[in-house]
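Contents: one structure, followed by commentary.
The values are calculated or read from the model by the stated rules, or taken from the named source; none is laboratory data. Note that the coordinates shown come from a computational prediction; the quantities given were computed from them, not determined experimentally. Neighbour counts run over all protein chains shown; Cβ positions are idealised from the backbone, glycine included.
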Amino acid sequence: MGLDFKSFFDILSEVLKGIFFSNMQKLAIIGCGIMGGAILESLIREKVFVPSQITTIDTDEKKLKELNKKLGVKTSENAAEAVNKADVILLAVKPQNLAEVCQNWKTKKLVISILAGTRIADLKKLTGSQKIARAMPNTPAKIGAGISGWFASKNVSKTEKILVRKILASFGEEAELRSEKMLDAITAISGSGPAYFFAFAEALEKSAQKLGLGKLAPIFVRQTFLGAAKLAEAEMISFSKLRKNVTSKGGTTEAALKIFEKKKLEKIVETATEAAKKRSEKLSN
Ligand SMILES: NC(=O)c1ccc[n+]([C@@H]2O[C@H](COP(=O)([O-])OP(=O)(O)OC[C@H]3O[C@@H](n4cnc5c(N)ncnc54)[C@H](OP(=O)(O)O)[C@@H]3O)[C@@H](O)[C@H]2O)c1
């Protein structure tokens, strides 16, 4: 079944609008800490926006001066003024600072939020906008290797969704979710996920030291993680198959994995991620 001419034209026009949209838009980034700063750098590096299109807002005057000097972006300590001049607003403050941030302004423009646990309904109330895209990125965004799940309220247009995708794709992979609720699971898996891997790396490093590797311990653990991640990416087979490929019958790996099984590693991970999801749900209420 082919597309009729009108549908084809509509889709093409949305895609073209999406491609050129960001070239005309002005973006205000409120909160330029770890995540806001990382997103800002990615947006410029990937040429989604040029520095003159971006205004950064933060309470830290010194940070703003540095961003202006380093990246050439505009800066402001007055959120209301910056929101008024912008076409799109990106919120990257801590959830507990949001009410204070939105105190002096309301908008009808597209608002993108990366705040953990702050629901679209609350973002609508606080910002006045009916066009909210809520995303959950993770810290590898700092090096352009993040992954973000996102969900947009129904008033966000197709063209605006293309811009949301472009912004999120500037610092890694992105996927639109079927429901806002899925963001709690995304938070528990990829949002908190890097910390799970670091916790495991810490444990492996301590074990390596106990086994006598001393200063070599962090070097060997880091490269093992990096190598395993790159192998998973290169081979694109299931994690289960990747694990089996390292495990020969009666060998050393099997001896260790048997302990993981006996101590119920899978159950530990399941219980931990459920706890993270529940915490995310609780923070949203
Ligand atoms: N870090 C992560 O792994 C991660 C992952 C996914 C989502 N998130 C979400 O990303 C958001 C930001 O996290 P983050 O780790 O980047 O936090 P952060 O480093 O503390 O950054 C927040 C920034 O907002 C500034 N700020 C505070 N009050 C403000 C106000 N009234 N107006 C303007 N700026 C203000 C802070 O300045 P001061 O330092 O002076 O207070 C700080 O520079 C959070 O909502 C978090 O849930 C974080």
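Observations
- Residue list for region 202-224, filter: among the hydrophobic types (A, V, I, L, M, F, W, C) and surrounded by 15 or more Cβ atoms within 10 Å (Cβ to Cβ): L204, A208, L213, A217, V221
- Any hit, region 38-48, residues being more than 10 Å from the ligand (Cβ to nearest atom), assigned by TED's automatic domain parsing to the domain that holds L163 and among the polar types (S, T, N, Q): yes
- Among the conditions (1) surrounded by fewer than 23 Cβ atoms within 10 Å (Cβ to Cβ); (2) within 13 Å of the ligand (Cβ to nearest atom); (3) not hydroxyl-bearing (S, T, Y), N138 misses just one, which is (1).
- Filter result for A92 (within 13 Å of the ligand (Cβ to nearest atom) and either loosely packed, with under 13 Cβ neighbours inside 10 Å or farther than 23 Å from F151 by Cβ (or both)): no
- Any hit, region 215-235, residues being assigned to a loop (DSSP other than H, G, I, E, B) and not basic (K, R): no
- If you go through region 150-160 and keep only what is touching an Asp or Glu at 6+ places or on another chain (Cβ under 8 Å) and in contact (Cβ under 8 Å) with a residue 40 or more places away in the chain, you end up with K158, T159.
- Taking the listed residues V93, V83, V88, the one that is among the β-branched types (V, I, T), modelled with pLDDT of 95 or more and either over 10 Å from I29 (Cα atoms) or over 22 Å from the mean Cα position of the chain (by Cα) (or both) is V83, with no other qualifying.
- Out of T59, T55, one residue alone is among the hydroxyl-bearing types (S, T, Y) and within 11 Å of the ligand (Cβ to nearest atom). It is T59.
- Hey, E173 touching a helix residue (DSSP H, G or I) at 6+ places or on another chain (Cβ under 9 Å) and more than 11 Å from the ligand (Cβ to nearest atom) or not: no
- Pair list, Cβ under 6 Å, 6 or more apart: region 102-122 residue more than 20 Å from S157 (Cβ to Cβ) and within 12 Å of the ligand (Cβ to nearest atom), other residue at pLDDT below 95 and part of a loop (DSSP other than H, G, I, E, B): G117/S284
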